[in-house]
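**Student:** The structure that follows is given in the form of structure tokens.
Here, each number is a calculation from the coordinates, and none is a lab measurement. Only a predicted model underlies this, so the values are computations on that prediction, with no experimental measurement involved. For neighbour counting, all protein chains shown are included, and Cβ atoms are generated from backbone atoms with ideal geometry for every residue, glycine included.
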Amino acid sequence: MGMLMYDSEYIVLNRRSVLKLPLAAPLLRAGEPADKIKITGFEIHKVSVRWRDLMFVEVHTNAGITGLGEATLESRTDIAESVLRWLEPEYVGLDPAGPEQHWNRIYYLATRWRNGPALMTGLSAIDQALWDIEAKRLGVPLHRLLGGPIQKEQRVYFTHWDASISREKREIAALVDLAAQTKAQGWTAVKYTLPQAGFELERIDRDVAELAAIRKVFNSHVDIGLECAETFTVRSDSDGERDRPLPPVIPRRACLA
């Protein structure tokens, strides 16, 4: 605190009195960022690839920086899109900086009905986009903001590996030929969804036979991931493991527990 002669009067210098001075306004304006960024809106893109409906959201800003996030919710695309439109007013006009603050603000304060696949899909997509904006704003790769790359190289797998074979032409011979091509192309891992047609025990017998033939071609050079899509019962899952042991595979969502 101090004393200042202003317009022939002494005034006490403290925070409140300084803010009332005419010279304070330009000082305050000088302290504000001239390029303050604000979110202006969302742009939603939907595309179908084979049987999958994909959705992405672009978060636009007044600075021309755009962030991209994925909002795919298979077979529930329209619901996920409505979530994005519902959330959009909660972001427009705000600075995109601080993605975690935005997450907490929406997750904990926007509504107490905060769970469920649709809401979390939309919220996650926006979160991705905000992190993308933050990285572009700072001019650094996004992984720098998340602690840096853990691995310089990342192993990838051939997803939906058997999609090129139609249901009518799905035979062990066709799978064996595809396995030989895949191995020759240098892939080290594949993943595919087990066919769901037929009774459960019939399906298990068919799956085991197909896998045995595929594994014979791949040997130990190619790993196999199985998407079981929660289509087996707990009993058949355990019986299958005991009575019909599978070749070495990596199962995913075998049964609905």
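**Student:** If you place +1 on the Cβ of every Lys and Arg and -1 on the Cβ of every Asp and Glu, how big does the dipole about the Cα centre of segment 41-104 come out, in debye to the nearest 20? If you can, show how the numbers build up before the last one.
**Tutor:** On the way: 5 positive and 11 negative charges, 53 e Å.
The dipole of segment 41-104 has a size of about 260 debye.
**Student:** Could you work out the local net charge near PHE199, counting Lys and Arg as +1, Asp and Glu as -1, over the other residues with Cβ closer than 11 Å to its Cβ?
**Tutor:** -1
**Student:** Turning to a different aspect of this structure: State, to one decimal in nm, how far the label point of TRP51 lies from the label point of LYS183, with both points 7 Å from Cα in the Cβ direction.
**Tutor:** So the label points at TRP51 and LYS183 sit 2.7 nm apart.
**Student:** Once you have the Kirkwood Rh of segment 146-220 from its Cα pairs, apply Stokes-Einstein at 20 °C and 1.002 mPa s and quote D in µm²/s.
**Tutor:** Rounded to a whole number, D works out at 152 µm²/s.
**Student:** Going by the alpha-carbon gyration tensor, a ≥ b ≥ c the square roots of its eigenvalues, is segment 44-145 rounded (a/c under 1.5) or, if a/c is not under 1.5, prolate (a/b greater than b/c) versus oblate?
**Tutor:** oblate
**Student:** With a/c under 1.5 counting as rounded, go ahead and sort segment 187-235 into rounded, prolate or oblate using the C-alpha gyration tensor (a ≥ b ≥ c being the square roots of the eigenvalues; past the cut-off, prolate if a/b is larger than b/c, else oblate).
**Tutor:** Because a/c hits 1.5 or more and a/b exceeds b/c, segment 187-235 counts as prolate.
**Student:** Still on this structure: Between the alpha-carbon centers of segment 117-176 and segment 186-218, tell me the distance in whole angstrom.
**Tutor:** 24 Å
**Student:** Taking the Cα-to-Cβ direction at ALA97 and at ARG170 and moving 7 Å from each Cα, how far apart do the two end points lie in nm?
**Tutor:** 5.3 nm
**Student:** Pick out, from GLN196, ALA173, TRP103, the residue whose Cα sits farthest towards the positive end of the charge dipole of segment 100-208, with +1 on the Cβ of Lys and Arg and -1 on the Cβ of Asp and Glu.
**Tutor:** Result: TRP103, furthest along the dipole toward the positive end.
**Student:** For a quick check: sort ILE150, ILE44 by the number of other beta carbons within 10 angstrom, fewest at the front.
**Tutor:** With the fewest neighbours first, ILE150, ILE44 line up as ILE150, ILE44.
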